[in-house]
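Below: one structure, written as structure tokens.
Values in this text are rule-based calculations from the coordinates and carry no lab data. Remember, it's a predicted structure, so these values are computed and weren't measured experimentally. Virtual Cβ from ideal backbone geometry, glycine too; neighbours counted across all protein chains shown.
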Amino acid sequence: MFSIEIECTPDQQDLLIAELSDENPAGISEIAPGRLRVFFEADRDRAALIERFHACGSREEEERDWVALSRANWEPLAVGRRFFLVPEWRDDPAPGGRFRIVVNPGMAFGTGIHETTRLCLEGLEEWIRPGEPMLDVGTGSGILAEAAALLGASTVWACDVDPVAVEIARANAGPAVFVGSVDAVRTRSAGVICANISPEAILQLAGDLVRCLDFDGIVLASGFERHEAAAIESAFAYHGAKVRGADFKNRWALLALGRVE
């Protein structure tokens with residue numbers, strides 16, 4: 001058995017793990033933020049794996065149950081006041097008053113582990129009003145759409161440009177998930193819009209995000225760092241929205257933005 005070590009940015013990590021999972025590794029372990037160690041059986045093509053994933057190193061490993069060790073690193077996680085995220089291989093019940101959401105770490109971005117996903121879950125707790133529609137742009141695993149439905153959103157739509165993510169999200173959040181983006185959504189159709197995507201995508205889509213927002217609705221924008229928040233705020237101001245709230249976890253940011261009255 002051998003392992004390879006791979007570096008990535010934290011916001012790329014979930015998608016990288018999903019790609020690695022397609023290679024049927026013996027296990028995946030996060031050894032530091034943005035640094036993974038991935039274990040493979042000795043008969044795999046080490047050179048090809050190193051080249052494909054731009055590994056920064058490799059080493060021989062002793063024979064151990066790396067799947068069990070990898071899974072042992074994923075513990076249930078309480079997020080905000082209402083959510084309890086549980087890996088699919090565990091049967092931990094949710095504490096009283098919390099919604100239990102089953103996650104499959106590594107399948108697509110949005111397992112709840114990343115700070116931006118937790119920021120959005122907590123933002124949904126604050127801004128979702130039961131009975132109003134919600135749109136999740138760049139849904140990834142569908143966790144935010146699923147959370148919005150649990151909080152009482154009347155209708156939940158979700159979209160992603162990645163067909164694989166859409167397939168995963170449909171299994172988690174229901175059939176109202178489509179391949180595409182917010183430019184295909186009807187004007188003023190959502191009371192809350194989540195966009196936990198790259199800062200470049202948010203800047204590009206800011207106009208459509210505001211267009212699709214109901215008069216008193218809120219866009220929850222995340223996926224960017226603190227130092228990028230000012231640029232995001234300026235882009236939304238250009239399209240007639242202003243910041244109504246902000247939250248931060250480590251270096252990551254979330255802005256809640258509404259139409260200018």
Suppose R0 equals 25 Å. What FRET efficiency, 1/(1 + (r/R0)^6) with r the Cβ-Cβ distance, do residue 29 and residue 99 give to the nearest 0.05? 0.30
Explain nothing, just the number: relative contact order of the chain, from Cα pairs under 8 Å at least 6 residues apart, as a whole percent. 13 percent
Value of D in µm² per second that Stokes-Einstein yields for the stretch 136-200, Kirkwood Rh from Cα pairs, at 10 °C (1.306 mPa s): 137 µm²/s
Once the dipole of the stretch 113-259 is set up with Lys and Arg at +1 and Asp and Glu at -1 on Cβ about the Cα centre, which of 116, 127, 250 lies farthest towards its positive end? 127
Sort 183, 91, 45, 214 so the one with the fewest other Cβ atoms within 10 Å of its own Cβ comes first. 91, 45, 183, 214
Order 146-152, 114-120, 170-176 from most to least packed using the mean count of other Cβ atoms within 10 Å. 114-120, 146-152, 170-176
Ranked 188, 81, criterion: other C-beta atoms within 10 Å, fewest first: 81, 188
Among 51, 122, 132, which one moves the most in a GNM of the chain with springs linking Cα atoms closer than 10 Å? 51
Once phi for every residue in the stretch 163-179 is put through the Karplus expression 6.51 cos²θ - 1.76 cosθ + 1.60 (θ = phi - 60°), the whole-Hz ³J(HN,Hα) values, with Gly and Pro written as x, are x, 5, 4, 4, 4, 5, 5, 4, 5, 8, 10, x, x, 7, 10, 10, 7
Length-normalised contact order for the stretch 113-259 - Cα pairs under 8 Å, 6+ apart - percent: 23 percent
R0 of 22 Å, Cβ-Cβ distance residue 176-residue 216: FRET efficiency to nearest 0.05: 0.45
